[in-house]
Amino acid sequence: ARRARRPSSRRDRRAVTTRARIGGVLDVAKVGEVAGNAAAAAVEVSKAVRMRGVEAPDDMAKSYVAKGTAAADSNGGPVAVDEEGLPLVYDKAAIQAFWAKQGGALQKRWGEFIGLSVPFLTRVATLSITGGAEELSRNDASLARDARIIIEKLGPTYIKAGQMMSVRPDVLPQAALDELAILQDAVKPFETSVAIATIESELGGPLGEFFDEISEQPVAAASLAQGYRARLTG
């Protein structure tokens, strides 16, 4: 096999350097194109979200609401709602009436998703274009960490999806599995004062009426709740 010939003169070395620089510019151009396409797609989806709004399904036979019963509105009157205005039983008109009062809530939520996901996807595209699979592999730990942080910021639905993916070694590399496993019970918790207020509201009285003691910090936190160690009165 022939050995690669090294540049023998200053002119040759300059030519190699020039080609390398051109290659770098082309790579940057590709990254810019990917980022531009992602931004354009985001704008189009944003328009679609704004135009369509929220439309609840017509299937009244199924209810995914935990509180209340379907008999609550059997007399034809308005259904009962919680403190935020959401119906306690499934009711299409009540659900759409709630969202109609939220203004640009759906558009705002979509903006949050775009603001967090596009920079991450741009970084993935940049690494892929400039270094291929090898570069992605070298950065898998930091990419996984960034993805997990973004998932936490996006909230319970995304955390739940991350939990499901954390047990899929057939789909994700080990670095991603290790990072997503944090979402199973070590999500950043909300304030204990909020938890106590919620418990007291649900139980209908001060915490001391029901528990002799409760831990100051949660022992675990995940997608929809966080747990405390407590001892019942008596």
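Some notes on this structure:
- For the range 158-186, a tally of residues being open to solvent by 30 Å² or more (accessible area, probe 1.4 Å), within 24 Å of Arg109 (Cβ to Cβ) and free of Cβ contacts under 8 Å to residues at least 24 places away in the same chain returns 4.
- For the range 212-226, filtering for residues that are modelled with pLDDT of 90 or more, aliphatic (A, V, I, L, M) and assigned to a loop (DSSP other than H, G, I, E, B) leaves 1.
- Residue match in the range 190-212 (condition: under 30 Å from Ile150 (Cβ atoms), within 18 Å of the chain's Cα centre (by Cα) and exposed (fewer than 14 other Cβ atoms within 10 Å of the Cβ)): yes
Conditions tested, residue by residue: (1) farther than 20 Å from Val219 by Cα; (2) touching an Asp or Glu at 6+ places or on another chain (Cβ under 9 Å); (3) without any contact (Cβ under 8 Å) to a residue 40 or more places away in the chain; (4) of a type in the set (Phe, Trp, Tyr).
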| position | (1), (2), (3), (4) |
| --- | --- |
| Thr126 | yes, yes, no, no |
| Arg145 | yes, yes, yes, no |
| Leu154 | yes, yes, no, no |
| Lys188 | no, yes, yes, no |
| Glu191 | no, no, yes, no |
| Ala195 | no, no, yes, no |
| Ile199 | no, no, yes, no |
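- Condition met for Ile159 (assigned to a helix (DSSP H, G or I) and either within 26 Å of Glu83 (Cβ to Cβ) or out of contact with any helix residue (DSSP H, G or I) (no Cβ under 9 Å at 6 or more places or on another chain) (or both)): yes
- Check on Ser128, open to solvent by less than 50 Å² (accessible area, probe 1.4 Å) and either of a type in the set (Ser, Thr, Tyr) or touching a Lys or Arg at 6+ places or on another chain (Cβ under 6 Å) (or both): no
The values are calculated or read from the model by the stated rules, or taken from the named source; none is laboratory data. Since this is a predicted model, take the numbers as computed values, not measurements. A quick note on method: Cβ atoms are made from the backbone with ideal geometry, for glycine too, and the neighbour counts reach across all protein chains shown. Heads up: the accessible areas ignore ligands, DNA and RNA and are worked out on the full protein's heavy atoms, side chains in. Shrake-Rupley method; radii C 1.70, N 1.55, O 1.52, S 1.80 Å.
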